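Everything below concerns the one structure shown next.
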Amino acid sequence: MSSPDRFRVLFLASRDPEHPEAAGGDIQLSALAEHLAKRGHAVTYTCVARPGAAAEEVRNAVRILRGGDSLTQALWVGRMYKRSLAWQADVVIEEAIGGLRVPYLAPLYVRRPLIAFWYQHQAPLLREEFAPPVAAVLVHLERRLAQLHRRAMIATPSAFQAERLQLLGFRPQQIHVVPCGLDWPIASPPPLMAREPLVVYLGKLRRYKCPHHLLDVVERLRAAVPGIYVVIAGRPDGTGFDRWIEAEIRRRGLRGEVAVRRSIGEEEKRDLLRRARVLVLPSPTEGFGIAALEAHRCGTPTVVTDGVPTEVVQDGVNGLRVAFGNREQLAAAVHRLLTDDVSWVRMSLTAWEMSQQYTWSNGAAKLERLIADSVGRTVGVI
């Protein structure tokens with residue numbers, strides 16, 4: 001084992017942040033890995049292989065190992081772990097579920113302290129994404145996976161999701177909050193006069209994220225809000241859902257009011273958020289909602305569903321909350337932030353101020369304390 005205050009940390013993750021299908025969980029784990037390395041820990045980060053990326057490299061003091069694909073990565077990691085990685089780790093941090101890959105099932109072979117990241121209770125997403133028979137099977141499998149992890153420490157990005165994870169049978173004392181962060185510069189946000197009647201969605205272009213709900217919003221508001229424009233931006237998921245949205249935009253005659261932008265960069269993202277009046281997250285649930293935090297750092301209030309953590313978006317404080325799937329409520333909330341200047345200015349300033357408490361350094365410090373508490377415990381076969 002390494003020194004008492006410096007640990008060898010092994011991450012079992014899905015993707016590195018440059019992967020074309022990277023999502024919020026990939027961003028969180030990779031950021032935490034880098035900040036742990038900055039704090040002096042020896043960090044190894046395993047993830048799926050991708051074209052053009054080396055099988056092994058060191059980036060920002062993190063040793064990155066890539067191998068396998070969504071179906072074979074878990075087997076590849078298992079072999080690597082038994083061959084060499086087990087002797088190079090004091091603690092293992094596993095992304096227990098995510099990335100549309102076969103789960104690692106780490107409790108079956110890891111004999112080191114194990115911290116399993118569980119971003120959210122998956123059932124709402126699974127029921128939105130898949131047909132009922134398939135969703136029912138996957139919901140059952142999530143419960144079985146939770147049973148397998150009943151001796152592991154569970155890390156989740158928000159207290160909101162920590163409470164919901166108890167539905168899977170996790171004990172309250174087993175669940176620990178490791179929040180997300182943002183390292184964007186803290187600059188004064190653009191004032192109201194610099195904003196456009198622009199509504200933005202940021203996130204994975206996947207059906208369960210429900211960006212298509214914004215098409216209904218535009219149809220309801222196009223007469224009431226002249227110049228309303230919606231940008232749906234994010235990384236495609238490989239299923240063709242992004243093309244389906246574009247076809248829907250054409251079918252509904254909304255090409256003048258809605259645009260899809262794929263895989264935008266950080267500068268373009270910030271530009272959109274600094275011009276927008278509102279960011280919308282219409283998904284059934286979010287582990288944290290990094291896009292909301294990014295919007296708030298730009299002084300842009302948010303409209304989110306009741307599946308987004310309440311510590312990130314507080315109703316009437318830094319944004320508005322609506323019931324998931326209620327398009328009428330969603331349109332009304334967007335309309336308010338596009339037309340009520342007094343409320344917008346108040347929420348914009350509060351959103352910007354509240355966003356400053358979230359940094360990756362703070363998140364890494366909480367994970368570091370969790371690692372220190374976990375060392376000395378062994379998670380065996382269930």
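Each Cα pair under 8 Å and six or more residues apart adds its sequence gap; the mean of these over the residue count of segment 70-112 is a relative contact order of 52 percent. Partners of LYS269 within straight-line reach, counting aspartates and glutamates whose Cα lies under 17 Å from its Cα and excluding those fewer than 8 residues away in the same chain: GLU18, GLU21, ASP183, GLU196, GLU294. Applying 0.36 nm per residue to the separation of ARG143 and SER188 and subtracting their alpha-carbon distance, the gain on full extension is 11.7 nm.
Taking packing as the residue-averaged number of other Cβ atoms within 10 angstrom, the listed peptides 240-246, 147-153 run from highest to lowest as 147-153, 240-246. Where both partners of a DSSP beta bridge lie in the chain, what percent of those bridges are antiparallel, to the nearest 5? Once the DSSP bridges in the chain are tallied, antiparallel ones form about 10 percent.
The mean sequence separation of alpha-carbon pairs under 8 Å and at least six residues apart, normalised by the residue count of the chain, gives a relative contact order of 17 percent. Taking every Cα-Cα distance in segment 5-154 and sorting them into 10 Å bins starting at zero, the pair-distance distribution P(r) comes out as 11, 41, 36, 11, 1 percent. Bridging of LYS366 to lysines at a Cα separation below 22 Å is possible for LYS38, once same-chain residues fewer than 8 apart are set aside.
Calculated [222 nm] ellipticity per residue, helices only, for the chain: -11000 deg cm²/dmol; basis is -39500 (n - 2.57) per DSSP H run with n ≥ 4, divided by all residues, nearest 500. Under 5 Å between amide hydrogens, built in the peptide plane, is the criterion, and for ALA116 it picks out GLU94, MET153, ILE154, ALA155 among residues at least 5 positions away or on other chains.
Computed from the C-alpha gyration tensor, the three semi-axes of the ellipsoid equivalent to the chain are 37, 22, 19 Å, from longest to shortest. The peptide list 102-111, 203-212, 322-331, put in order of mean Cβ contacts within 10 Å with the highest first, becomes 203-212, 102-111, 322-331.
Counting only whole DSSP H helices of the chain, there are none at least 30 Å long by C-alpha along their axis and with mean Kyte-Doolittle hydropathy no lower than -1.0. With N counted as the residues of segment 192-355, its alpha-carbon radius of gyration over 2.2 N^0.38 Å works out to 0.93. Sorting ASP315, ASP90, ASP26 from the fewest to the most surrounding beta carbons within 10 angstrom yields ASP315, ASP90, ASP26. I'd like to know which of THR350, ALA292, ALA136 lies farthest towards the positive end of the charge dipole of the chain, counting +1 on Cβ of Lys and Arg and -1 on Cβ of Asp and Glu. Comparing the listed Cα positions along the dipole, ALA136 ranks first. Couplings 3J(HN,Hα) for segment 163-169, derived from phi with the Karplus relation 6.51 cos²θ - 1.76 cosθ + 1.60 (θ = phi - 60°), are 5, 5, 5, 5, 5, 8, x Hz, where x marks Gly and Pro.
If you take the Cα centroid of segment 186-208 and the Cα centroid of segment 248-305, the two points sit 5 Å apart. Would you work out which of GLY256, VAL308, GLN329 lies farthest towards the positive end of the dipole of segment 192-355, given +1 charges on the beta-carbon of Lys and Arg and -1 on that of Asp and Glu, about the Cα centre? Checked the options; the winner is GLY256.
Here, each number is a calculation from the coordinates, and none is a lab measurement. Bear in mind the structure is a predicted one, so any value in this text is a computation, not a measurement. In this analysis, Cβ positions are derived from the backbone assuming ideal geometry, glycine residues included, and neighbour counts consider all displayed protein chains.
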